[in-house]
1. Give the residue, chosen from L91, L56, that is in contact with a Leu (Cβ under 7 Å, 6 or more places away or on another chain), over 29 Å from K176 (Cβ atoms) and part of a strand (DSSP E or B).
2. Quick test for you: out of A15, A43, pick the one residue that is surrounded by fewer than 20 Cβ atoms within 10 Å (Cβ to Cβ), aliphatic (A, V, I, L, M) and without any contact (Cβ under 8 Å) to a residue 40 or more places away in the chain.
3. Confirm whether G71 is over 18 Å from L27 (Cα atoms) and in a loop (DSSP other than H, G, I, E, B).
4. Of everything in region 3-24, what is modelled with pLDDT under 95 and within 17 Å of the chain's Cα centre (by Cα)? Give them in sequence order.
5. Could you tell me how many of the residues in region 25-51 are under 24 Å from S66 (Cα atoms) and among the acidic types (D, E)?
6. Looking only at region 26-47, count every residue that is part of a helix (DSSP H, G or I) and over 17 Å from the mean Cα position of the chain (by Cα) and tell me the total.
7. For region 117-135, state whether one or more residues are part of a helix (DSSP H, G or I), more than 13 Å from the chain's Cα centre (by Cα), of a type in the set (A, V, I, L, M) and over 19 Å from K49 (Cβ atoms).
8. Given the residues L195, L154, which is the only one that is in contact with a helix residue (DSSP H, G or I) (Cβ under 6 Å, 6 or more places away or on another chain), modelled with pLDDT of 90 or more and surrounded by fewer than 16 Cβ atoms within 10 Å (Cβ to Cβ)?
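The values are calculated or read from the model by the stated rules, or taken from the named source; none is laboratory data. Being a predicted model, the structure only gives us computed values, none of them experimental. Cβ sites come from the backbone with ideal geometry, for glycine too, and all protein chains shown count toward neighbours.
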Amino acid sequence: MKAVILYDSRSKGGATEAIIDSIGLKLAESGAYVEKAKCKANADYRFVKEFDIVILGAPVYYFLVSSQLLGSLIHGNLKKNLRRKKIAIFLTCGTPEIMAAVLYLPQLKIHLVRNKILAEKIFASGVNAESEVLDEFVEDVLHEYKKIVTPKVLSAKWTDEAREWLQALPAFMKEKFRIMAEEYADDMGYDEITLEMLSEARNRLGGT
């Protein structure tokens with residue numbers, strides 16, 4: 001599993017970065033490959049397509065989610081490149097968690113309505129990087145991700161032609177296309193995965 005943490009913070013080495021480093025370490029200890037990148041509203045986010053999980057994290061300033069992360073979703077190409085990605089979200093702020101969930105999380109979630117959100121959390125400002133709440137957040141992310149990727153009993157069968165097409169793909173693409181095809185067949189109620197169904201799935205899902 002590959003995860004990337006996209007974050008925004010006005011202060012280098014501050015509380016938000018400490019939380020990010022702690023989350024990244026805990027994910028790595030579980031066997032995940034982890035990278036982090038600081039958001040810029042005008043950055044090119046095509047690289048997120050290479051990751052299985054994208055974690056978005058930022059502090060709240062003056063009642064708004066930090067501007068570079070929010071700007072990446074509103075004005076940049078982050079939202080486009082997050083299509084069908086599995087997402088986790090966290091914010092840091094001094095507002096009580098229940099109130100922050102109503103006021104601040106929706107500022108991000110409105111741009112992620114087509115994504116599977118694995119976990120979301122409000123961390124209090126100054127939360128200790130070793131806090132149990134960070135462990136719980138990472139455990140929730142991993143648990144929800146495993147639920148999604150655990151192989152299901154597939155009712156649709158691959159035709160010989162479709163399987164040959166799949167085997168001809170480059171190695172790094174096979175698993176992605178296999179999962180896409182099987183999920184599509186299951187969603188659409190197909191009994192067989194054929195070349196025609198694969199073409200239909202690629203057209204419906206944007207050619208990926």
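1. Values: L56 fails: over 29 Å from K176 (Cβ atoms).
Testing whether each residue is in contact with a Leu (Cβ under 7 Å, 6 or more places away or on another chain), over 29 Å from K176 (Cβ atoms) and part of a strand (DSSP E or B) leaves just L91.
2. Working: A15 fails: without any contact (Cβ under 8 Å) to a residue 40 or more places away in the chain.
Going through A15, A43 in turn, the sole match is A43.
3. no
4. At the first step, the residues of region 3-24 found to be modelled with pLDDT under 95 are 7-24.
Correct list: Y7, D8, I20, I23, G24.
5. 2
6. The first filter runs over region 26-47 and keeps only residues part of a helix (DSSP H, G or I), leaving 26-29, 46-47.
Pick out the ones that are also over 17 Å from the mean Cα position of the chain (by Cα) and you get 29.
Within region 26-47, residues that are part of a helix (DSSP H, G or I) and over 17 Å from the mean Cα position of the chain (by Cα) number 1.
7. Within region 117-135, the first condition is being part of a helix (DSSP H, G or I), and the residues that meet it are 132-135.
When the remaining residues are screened for being more than 13 Å from the chain's Cα centre (by Cα), the result is 132-135.
Then drop every residue that is not of a type in the set (A, V, I, L, M), which leaves 133-134.
Now narrow it down to the ones that are over 19 Å from K49 (Cβ atoms): 133-134.
Yes, region 117-135 contains a residue that is part of a helix (DSSP H, G or I), more than 13 Å from the chain's Cα centre (by Cα), of a type in the set (A, V, I, L, M) and over 19 Å from K49 (Cβ atoms).
8. Numbers: L154 fails: modelled with pLDDT of 90 or more.
Of L195, L154, the one residue that is in contact with a helix residue (DSSP H, G or I) (Cβ under 6 Å, 6 or more places away or on another chain), modelled with pLDDT of 90 or more and surrounded by fewer than 16 Cβ atoms within 10 Å (Cβ to Cβ) is L195.
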